[in-house]
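Below you'll find the structure, written out as structure tokens, and then a few comments.
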Amino acid sequence: MFRCCFCKTFGAPKYTQVLNHIGRIHSFDPNFHLTCGLDGCTATFTKFASARTHFYRKHRADLLQRDVADLESETRHRSHDTLDDCELEEMAMDEGPRPVVNCHELSQGAAAKFLLMLKEGRRLSQEAIKDISFGVVELLRGKMEELQGQVTGAMDCGNLEAAKEKIHLVFEDDHLFNPFKQLETQYLQEKYYRTHFSLLEPSERVLGNNYARRNYGSYSKRVRKEDCVYDIDLLESLQSLLRCQHVVDQVWVIHLYMYMYMHHSKSPSSYVVATHKL
């Protein structure tokens with residue numbers, strides 16, 4: 001059983017589950033500080049994202065080995081069914097009382113730290129924080145509905161062992177718990193925007209150069225700056241917009257209103273005729 005190095009109360013049979021707990025609950029602590037410690041590694045981190053990347057890039061094999069080793073240890077531990085009641089009671093007394101973990105309070109505290117980080121660390125307005133909170137809730141709600149559907153489908157197979165295996169595979173799917181999978185970097189985000197949203201970016205042209213003085217502490221330096229202009233393809237932009245159905249619907253509505261206004265008619269029959277003519 002692995003324990004969280006921050007709260008000392010959370011425990012899990014897999015080392016990766018403890019890492020996930022640290023990311024959910026403790027990653028937004030203002031004094032977050034984590035030392036790797038795997039294979040004698042002394043790397044330290046003040047951001048959980050950097051720590052997680054380090055763990056999975058440098059110690060992936062060791063993480064898997066720790067998970068397997070602990071599961072085998074847990075299996076051997078469960079084989080103590082042959083022990084008598086007195087020995088089991090002594091083992092339970094040696095372990096001592098386990099602290100009660102209030103998962104709701106931990107999650108709410110992590111959410112509050114996340115909002116505080118957005119407000120104080122990133123200097124976002126309250127309106128921006130409200131939009132982010134609403135978006136996160138909607139993403140979570142959608143993922144929970146997806147999870148519910150997959151678990152229900154797994155239980156419908158009728159075979160308990162097969163259902164357990166399918167549910168295990170459901171929870172191993174990283175896409176289910178990470179709605180931002182393959183959207184982590186600016187390059188991946190812009191690639192998705194271009195592919196799915198028909199994003200058209202302006203092209204940059206350099207017209208010339210000029211020089212300006214830039215301050216570097218107590219001294220200044222003459223540096224060259226480029227004069228750039230950005231071209232936007234109007235025709236491609238309009239074509240991209242008209243590929244969105246809601247934009248097309250708005251265009252139709254405007255045309256219908258203009259047609260009705262020009263013919264000074266607001267009757268339903270004229271509206272239908274106008275629709276057919278357009």
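The values are calculated or read from the model by the stated rules, or taken from the named source; none is laboratory data. These numbers come from a predicted model, not from an experiment. All Cβ positions, glycine included, derive from the backbone under ideal geometry; neighbour counts span all protein chains shown. Keep in mind that these areas ignore ligands, DNA and RNA; they rest on the heavy atoms of the full protein, side chains included. Shrake-Rupley method; radii C 1.70, N 1.55, O 1.52, S 1.80 Å.
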At a Förster radius of 25 Å, what calculated FRET efficiency corresponds to the Cβ-Cβ distance of Tyr216 and Arg57, to the nearest 0.05?
0.10
Of the listed pairs Lys14/Lys130; Lys14/Lys58; Lys143/Lys191; Lys113/Lys166, those with alpha carbons more than 26 Å apart are Lys14/Lys130; Lys113/Lys166
Roughly how many Å² is the accessible area per residue of the range 101-243, as a whole number, for a 1.4 Å probe?
81
What is the range 132-171 by shape, rounded, prolate or oblate, if you read a ≥ b ≥ c off the alpha carbon gyration tensor as root eigenvalues and call it rounded for a/c under 1.5, prolate for a/b larger than b/c, and oblate otherwise?
prolate
Express in nm, to one decimal, how much length is gained between Thr185 and Ala49 on full extension, taking 0.36 nm for each residue of separation and deducting their alpha carbon distance.
47.7 nm
Ignoring any ligand, DNA or RNA, what whole percent of the accessible area of the range 104-203 comes from carbon and sulfur when the probe is 1.4 angstrom?
58
Given labels modelled 7 Å from the Cα in the Cβ direction, how far is it in nm from Met155 to Arg224?
6.9
